[in-house]
Structures are given as C-alpha cells and as structure tokens.
Amino acid sequence: HAKDAGRNNYQFYESRLSTLVSTRLTLENRLRRALERQEFELYYQPQVDIASGDFIGLEAMLRWNDPDEGPVEPDVFIPVAEDSGLIVPIGAWVLRTACAQAEAWRSKHLIDVPMAVNLSARQFDEASLLDIVADVLEDTGLPADRLELELTESLIMRNPELTADVLDGAKRLGVMIGVDDFGTGYSSLAYLKRFPIDRLKIDRSFIADIETEPDDAAIAETIIAMAHTLRIQVLAEGVETVGQLRMLRGWACDAYQGYLCSRPLPADDMNALLKGLRAARLCGLPDVGHT
Ligand code: C2E
Ligand code: MG
Ligand code: MG
Ligand code: MG
C-alpha cells in the first residue's frame, strides 16, 4: 500500500511539476507580449517624513494587468521576468516612465522629491545600466538627485566588487542610493557603510509586529540607532498602524512608507492626492504639532 501511495504521489508530483513548467513558459510569453502591448503600469506610494508628515519621496511599483487573466501580483511575475532576462527591458521602461512622471509632477509644482525605482540583479549585471540611467535623466530632464535607485541587501552582497563599481558610478551621476528590504540578508551595517548608501529601508517583516513582539521592537530600534551612528537615514517599510508610527517616532526613525498613509496609487489617483494635499501633512501623527 505504501508503495502504491508513493507512486501515486510521485505521479501527482510529476504532473504538478509539468503544470508548473508550462505555466512558467506561458507566463514568460505573456510577459514578452505585455511589454510589446504596453500592458505595464506604474503605481506610486508616498514616503513620509515621520517628524513633519511631509512627503519626502515616492516609490514606483510595477503593475501588470493581463487583459486575459486580470492583474498579476509582482511577486508572481517579477521572478519570471528576472529568470528570463525580460526584467532588463521592462526595468528600462520602469526607469523612463517613473522619471518622466516625477519630472511632470515637478514641473506642475505638485511635488519635488526623489522618485525611488526598484532595480533587480539582472539589470545590475548589464554593463549599460549607468548609460541607461544617464540617458533617461537627460531625456526626461529630471535632476539626478531626484532619482533614487533601490537595491536589496542581497543584490549588494551577491557581488560586492561589482556593486561598489556601479554604485560609485551612480553617485558620480548624482543619483541617490537606497537599500531595500534591509534585515532580510546577512550583512552588517558596518559592512554596508563601505558602499555609498544614502538610505536604508527596514523590511516590512521587522516592522509588522513591533507593537506585540519585544524582540522585533529591539531589532528595529537597534537598526535605527546603528544606522544613525553611521549617518545613514532610515525608512520603515509597511507601517499600517498609528501605534507602529508612534514607536518609530520614539526611536527617531526618519521616514516611513505604508498603508497607514497610502497604498501605492495609479498615477491619476496620486495626481489627485497631490493636488488635494499640495504637499500638506496628511500622514503625520495627529499630535506632532504643526499647523
Ligand atoms: P518593495 O520594493 O519592498 O516594495 C514594497 C512592497 O510592499 C510593495 O508590494 C508595496 O505595495 C507593499 N506595501 C507597501 N506598504 C505596505 C503596507 O503597509 N503593508 C503591506 N502589507 N504591504 C505594503 P508590491 O507592489 O507587491 O511589490 C513587491 C515587490 O516587487 C517590491 O518590494 C519589489 O521588490 C518588487 N518590485 C516592484 N516594482 C518593481 C520594479 O519596477 N522593478 C523591480 N525589479 N522590482 C519591483
Ligand atoms: Mg522597493
Ligand atoms: Mg522593500
Ligand atoms: Mg521586496
């Protein structure tokens, strides 16, 4: 009986596997088509100064609405785009679109803050990355210090020499560098300090339970204090409650991003929000004492 069950399991597994493989191929082809048909869109999420409630940045988030299947999660399609190399042309589209949008909002005097763009390892490996960045800045007219490149900690650590070269080049262009998802890799802050990093973003998983888990709170507080010792700014990701924001303010965390202020919004909705706000301080704590 055990043997039969084993074989059944194996056949089940095998058929699941082939389904997975074919799903992946289809997804890859659909992604290829999506790029041609311009099915991608960027959403934008504000980054907020904790002390003042001001918007100090925006992050561009890639979205894909497949006309047949509906919206596909980034965590589903981005890994496929990375494995297939499609993330390179898609990423170039993201850079160009995000910078053009940032410059459009700047020229309308709606907001003038850095636009953060996520980079993946495959883009980093392309020798042309910095040329593309320079071209996009020139073509869109966005000042270099209004672009922030977000790299994950694991991307940085994968090939430290290459990272150092590319980041030095990026700093020569004048763009900002942020470390995304900090805490999920194994690097020390002291080691990261060897790279020209402007800002650290503490991963959402460390922020989620700071109100109930003393260990998580201690980790977040320690990261913030150490980063400040090294003169690196800190942003907390995934802030959803006023309680979390109060704790972060108590630890002098510089900035936050999260549903508490706003979900990532389509460009039109962000445009309406910015017009309504006129960079007003909607996302601070009620008692921070500004007018
Ligand atoms: P990320 O760069 O760390 O972005 C933060 C993710 O957390 C986003 O998910 C955002 O929608 C979500 N988020 C923001 N605030 C909250 C909150 O308060 N609570 C919760 N539960 N989630 C929150 P999203 O848009 O699904 O993106 C997932 C990941 O996909 C991103 O993580 C980033 O690594 C990657 N990604 C997104 N856009 C791009 C892109 O243009 N290029 C590349 N290479 N990767 C991208
Ligand atoms: Mg990011
Ligand atoms: Mg992140
Ligand atoms: Mg992430």
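Just so you know, all these numbers are worked out from the coordinates, no wet-lab data involved. Worth saying up front: this structure is predicted, and the values here are computed from it rather than measured.
For the chain, please report how many Lys pairs fall under 26 Å Cα to Cα, leaving out neighbours fewer than 8 apart on the same chain.
The result is 4.
Per residue Cα convex hull volume for the chain, in cubic angstrom?
Per-residue hull volume (Cα only) is 171 Å³.
How many percent of all Cα-Cα pairs in the stretch 102-160 sit more than 17 Å apart?
Across the stretch 102-160, Cα pairs with separations above 17 Å total 45 percent.
Where the centroid of each part is defined by its Cα atoms, how far is the stretch 232-268 from the stretch 107-129 in Å?
Using only Cα atoms, the two centres lie 21 Å from each other.
Hey, what's the per residue convex hull volume over the C-alpha atoms of the stretch 140-202, in cubic angstrom?
Convex hull volume per residue, Cα atoms: 79 Å³.
Debye sum, Cα scatterers, the stretch 146-291, no solvent: what log₁₀ I/I(0) at q = 0.11, 0.16 1/Å?
Per q value, in the given order, log10 I(q)/I(0) is -0.47, -0.94.
Once fully extended, how much extra length lies between A164 and T229, figured as 0.36 nm per residue of separation less the alpha-carbon to alpha-carbon distance?
21.2 nm
Return the long-range amide H neighbours of L147 (sequence gap of 5 or more, or a different chain), with a cut-off of under 5 Å between placed amide H atoms.
M115, M176
Taking 8 Å as the Cα distance limit and 6 or more residues as the minimum spacing, I'd like the relative contact order of the chain as a percentage.
Normalised by residue count, the contact order of the chain is 20 percent.
Return the single residue from Q38, Q47, Q244 with maximal mean-square fluctuation; model: Gaussian network over the chain, springs between Cα atoms under 10 Å.
Answer for the Gaussian network model of the chain: Q38.
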